[in-house]
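Before any comments, here is the structure.
Read-outs: derived from the displayed coordinates by stated rules, not from any lab. All of these numbers come straight from a predicted model, not from anything done at the bench. Virtual Cβ from ideal backbone geometry, glycine too; neighbours counted across all protein chains shown.
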Amino acid sequence: MKIIQIVGRSNAGKTTFIKSLIPALSAHGVVGVVKHLGHHGFALEPGKDTTVYYDSHAALSCGVDDDKSVLIRRENDLDSTLEVFCNAGVDYAILEGFKSRQFPRIVIGDLASENVVLRNPTVDEVIAVLERFENYYTTEGLVKELRREHGVSHAGVILTLSEIVRERIGTEHIEDLEFDETVDALIEDIRQEMESTPGIIGARAYHRKGRLYAGDDIAYIAILSERRAEAFAAASNAIDRLKRELHDVEK
């Protein structure tokens, strides 16, 4: 899932631009939009059953009609929302706002900002540089992408693996690990090696960046394979390479 962040001052035209961007991105995949409401809270309609359930402390309240479903969640953090989007099979997550989160971004207007990919672009200019925006994946998101791209008619197994930051390795205490964008080249090389293994139909790998603490997820691997043995072997080799070429170096 690509994260396309769009920021700018109030009334700069962000919503108008996003409205034009959505159909263009939809030609390339599934699109979702997250808007930062800030201090302007979203008002739930009083008396509606979904509101009553939410007010009764349901963790989630959902209404489904003939055209759509509306889901109300208690979580109000961006990370859990991105997880929901990726698990749902979204390919392009547009973020309106969230200026404190430094994703590669599009700026509408004259707002001073870092991590700027484009400023006041056309929709076509955005489509031309989609590879410059940040990836975000969950294991379920990787699996959905594999299923969509390769199908499962010849598959016998889908293997997923998640690696986490261990707090202790023997007597050694690990406080944190930090990774930057240089991990991307290694992850892609590992993915290609997995996919070139006989019997492997498709493979995906994702490594998180930034500072990660004990218990945090580090990397996800998903393998679509004809048989279990090839999937286990490819995953084992991938994890060994991550440990040898990246994680042991970072400690």
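Across the chain, the longest run free of exposed loop sites, meaning GluC sites (Glu not before Pro) lying outside DSSP classes H, G, I, E and B with no more than 11 other Cβ atoms within 10 Å, spans 1-113. Of K19, K209, the sequence from fewest to most neighbouring Cβ atoms within 10 angstrom is K19, K209. Couplings 3J(HN,Hα) for region 100-114, derived from phi with the Karplus relation 6.51 cos²θ - 1.76 cosθ + 1.60 (θ = phi - 60°), are 6, 8, 8, 7, x, 9, 9, 10, 9, x, 10, 4, 6, 7, 9 Hz, where x marks Gly and Pro.
Between Q102 and L186, what length in nm is gained on full extension when 0.36 nm per residue of separation is reduced by their alpha carbon distance?
27.9 nm
Over all pairs of different C-alpha atoms in region 139-250, the reciprocal of the mean inverse distance, the Kirkwood hydrodynamic radius, equals 14.5 Å. Based on DSSP H segments of at least four residues, each scored -39500 (n - 2.57), the chain has a per-residue ellipticity at 222 nm of -9000 deg cm²/dmol. In the chain, the DSSP beta bridges split such that about 60 percent are antiparallel, to the nearest 5. Extending 7 Å from Cα along the Cβ direction at V70 and again at R228 yields two label points whose distance is 4.7 nm. The relative contact order of the chain comes to 20 percent, based on Cα pairs under 8 Å that sit 6 or more residues apart. Note on region 2-135: antiparallel DSSP beta bridges, both residues inside, total approximately 30 percent of the bridges counted. Working from Cα pairs under 8 Å separated by at least six residues, relative contact order for region 139-250 is 36 percent. Per residue, the convex hull spanned by the Cα atoms of region 2-135 amounts to 128 cubic angstrom.
In this rough spin-label picture, where each label sits 7 Å from Cα along the Cβ direction, the A27-N115 distance is 2.8 nm. Using a Gaussian network model of the chain in which every pair of alpha carbons under 10 angstrom is joined by a spring, one finds that among A58, A235, A24 the greatest mean-square fluctuation is at A58. Among R101, R228, R132, determine the one that fluctuates most according to a GNM of the chain built with springs between C-alpha atoms less than 10 Å apart. Looking only at R101, R228, R132, the largest GNM fluctuation is found for R101.
Order of Y206, Y213 from fewest to most other C-beta atoms within 10 Å?
Y213, Y206
Placing a label point 7 Å from the Cα of R148 along the Cα-to-Cβ direction, the residues of region 1-39 whose backbone N falls under 12 Å from that point are 1-2, 26-32. Between D240, D216, D66, where does the largest GNM mean-square fluctuation fall for the chain, given springs only between Cα atoms within less than 10 Å? Comparing D240, D216, D66 in the GNM, the peak value goes to D66.
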